[in-house]
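So the structure is just underneath, and the comments pick up after that.
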Amino acid sequence: NPYAGLVSRLRAAWLSGKTRPVEYRVAQLEALGRFLEEKQQDILEATALDMRKPSFEAYFSEILLCKNELNNTLNNLSHWMKDEHVEKNLVTQLDSAFIRKDPYGVVLIIAPWNYPIHLFFVPLIGAIAAGNCVIVKPSETTKNIERLVAEALPCYLDNDCFAVVTAGVEETTKLLENKFDYIFFTGSPSVGRIIMTAAAQHLTPVTLELGGKNPCYVSDTCEVHNVARRVAWGRFFNAGQTCVAPDYVLCSVEMQDKLMPALREAITEFYGPNPQESPDFARIVGDKQFQRVRALLSSGRVAIGGQTDEQERYVAPTVLADVQPSDPAMQEEIFGPILPIVVVSSMDEAIDFINARPPPLVLYVFSCDSKVVKEVLERTSSGGFCGNDVLMHVTLTSLPFGGIGNSGLGKYHSRFTFDTFTHHRGCLHRNMGLEAINALRYPPYNQQKLGLLTAAFEIKRKGMCTLL
């Protein structure tokens, strides 16, 4: 196996205990910060070359949010690493019971192409903070970012403990044959199943950050122009190539009629009369992805946009009206600048529509009536939830991010990333004396011992009393 030597080298470094001291972890995290600072212009240029990502979007999503994760981790790492002392029963009152925060060991992170720095760095920050050795594989689809991190990042990190691997499908398959102590994957559900199958051969735990069709229910009571601007921004940010973008709108036919001119107005406001000429609108990442997205335009009727340019891999900001559940755009995650609108007659029908499909990565709802927002939240399941806006929940380091069911397994962001890459080791350190207390549990058994043992170990429900 071409990667066996690399994995063995990192495992030897981990077993040496090199990554465990807080000072070492902080030094490596600060090195990541220097990379983001010193290579900022290179990152902006590489994302522009790979998918013509506007520098505003690239700075916000690829650099600023990564710096926030990094600084929040550095601000709190010493606290997160501390042993967590826990409650004890009567028998162990004089002992020490605690949770030790241990690193897993040698972990593998496989990053996607749509946010090639953000989705590469955020799990890496947590893995380093938790004290692991790490192999990171950037996406081969975004060639310029792949080249940048492969060439530059090793100049900042300790090469005994951290490595960047460039690999296509065949090489990644070989990489997955090695035993890792944890695997973190971001990508599609179909590839997620392959990752989980490979991990199962070594009983390796996984986090799978997958995608899905994120519903956006718009009730009849809302500020239509505000909804249109927020939804258009979230759908067309990064040319729609965002796993948490609103994938389709559910609304009444009356709301569809109100939304359409408001969406057209928002698109013109954001990108001008010809979005193809706008410096603020990205392109589809590759030819294969372009062909797939363009084919979805056959769904419903094109109410706004619909223009394409194969040479530029350009798909205009597009809204599809009167889309049927059986249409192609409703069979897969869109991952492009296309917004289908599906008509429903009521909130109940919208909820039934959502619940009839796999749980999405995030669910959005817009309404001026907070009862509507709360009811949709209570009666549905999704990885995340955001009321009256889109994407913004991802900006909070205090919230966990992750899917459920078909949209993923596990969670991360800030403290949650540290916990993901940490084995929470339950520990009890007992006193060598006081053997008389332990005698209650030893044979020969009798009813008196059982009664005393029960009194010492039993947990009673609060509010319950015992009648003597």
Test: Ala48 is in the same structural domain as Ile125 (by the TED database) and either touching a strand residue (DSSP E or B) at 6+ places or on another chain (Cβ under 6 Å) or open to solvent by 20 Å² or more (accessible area, probe 1.4 Å) (or both): yes
Filter result (touching a helix residue (DSSP H, G or I) at 6+ places or on another chain (Cβ under 6 Å) and within 15 Å of Gln241 (Cβ to Cβ)) within region 309-333: Arg313, Tyr314, Val315, Ala316, Pro317
Answer residue from region 290-300, given it is of a type outside the set (A, V, I, L, M) and under 27 Å from the mean Cα position of the chain (by Cα) and is least open to solvent (accessible area, probe 1.4 Å) among those: Phe290
Subset of region 250-269 (residues that are touching a residue at least 40 places away in the same chain (Cβ under 8 Å) and outside any strand (DSSP E or B)): Ser252, Val253, Gln256, Leu259, Met260, Leu263, Arg264, Glu265, Ala266, Ile267, Glu269
Considering residues of region 155-175 that are in contact (Cβ under 8 Å) with a residue 24 or more places away in the chain, under 24 Å from Asp102 (Cα atoms) and more than 21 Å from the chain's Cα centre (by Cα) only, the residue most open to solvent (accessible area, probe 1.4 Å): Asp160
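Can you list the strands (runs of 3 or more DSSP E) found entirely within region 55-164 that contain at least 2 residues being under 28 Å from Ala199 (Cα atoms) and outside the structural domain of Glu38 (by the TED database)? It would help to see each step written out before you state the result.
Numbers: elements: 96-103, 106-110, 133-137, 162-164.
Result: empty, no element qualifies.
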Test: residue in region 331-342 that is open to solvent by 60 Å² or more (accessible area, probe 1.4 Å) and closer than 21 Å to Met255 by Cα: no
Test result for Leu70, in contact (Cβ under 8 Å) with a residue 24 or more places away in the chain, touching a strand residue (DSSP E or B) at 6+ places or on another chain (Cβ under 8 Å) and under 20 Å from Cys155 (Cα atoms): no
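Would you be able to say whether some residue in region 301-312 is in the same structural domain as Asp348 (by the TED database), under 26 Å from Thr142 (Cα atoms), touching a residue at least 12 places away in the same chain (Cβ under 8 Å) and surrounded by 15 or more Cβ atoms within 10 Å (Cβ to Cβ)?
Taking region 301-312 as the starting set, the residues that turn out to be in the same structural domain as Asp348 (by the TED database) are 301-312.
Filter once more, keeping what is under 26 Å from Thr142 (Cα atoms): 306-312.
Right, trim to touching a residue at least 12 places away in the same chain (Cβ under 8 Å) and you get 306-310, 312.
Keeping just the survivors that are surrounded by 15 or more Cβ atoms within 10 Å (Cβ to Cβ) gives 306, 308.
Yes, region 301-312 contains a residue that is in the same structural domain as Asp348 (by the TED database), under 26 Å from Thr142 (Cα atoms), touching a residue at least 12 places away in the same chain (Cβ under 8 Å) and surrounded by 15 or more Cβ atoms within 10 Å (Cβ to Cβ).
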Condition broken by Glu69, with the remaining ones in (1) open to solvent by less than 70 Å² (accessible area, probe 1.4 Å); (2) over 30 Å from Arg425 (Cβ atoms) satisfied: (2)
Qualifying positions in region 208-219 - within 19 Å of Leu339 (Cα to Cα) and either free of Cβ contacts under 8 Å to residues at least 12 places away in the same chain or part of a loop (DSSP other than H, G, I, E, B) (or both): Gly211, Gly212, Lys213, Asn214, Ser219
Residue within region 190-201 that is open to solvent by 20 Å² or more (accessible area, probe 1.4 Å) and assigned to a loop (DSSP other than H, G, I, E, B) present: yes
Per-region count, region 216-234, residues among the hydrophobic types (A, V, I, L, M, F, W, C), open to solvent by less than 20 Å² (accessible area, probe 1.4 Å) and within 17 Å of Val376 (Cβ to Cβ): 4
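When only residues in region 425-465 that are under 30 Å from Met81 (Cβ atoms) and not charged (D, E, K, R) count, which is most open to solvent (accessible area, probe 1.4 Å)?
If we take residues in region 425-465 being under 30 Å from Met81 (Cβ atoms) and not charged (D, E, K, R), then Met432 is most open to solvent (accessible area, probe 1.4 Å).
The values are calculated or read from the model by the stated rules, or taken from the named source; none is laboratory data. Not measured: the values here are computed from a predicted model. Backbone-built Cβ (ideal geometry, glycine too); neighbour counts: all protein chains shown. Surface accessibility is based on the protein's heavy atoms, side chains included, excluding ligands, DNA and RNA. Shrake-Rupley method; radii C 1.70, N 1.55, O 1.52, S 1.80 Å.
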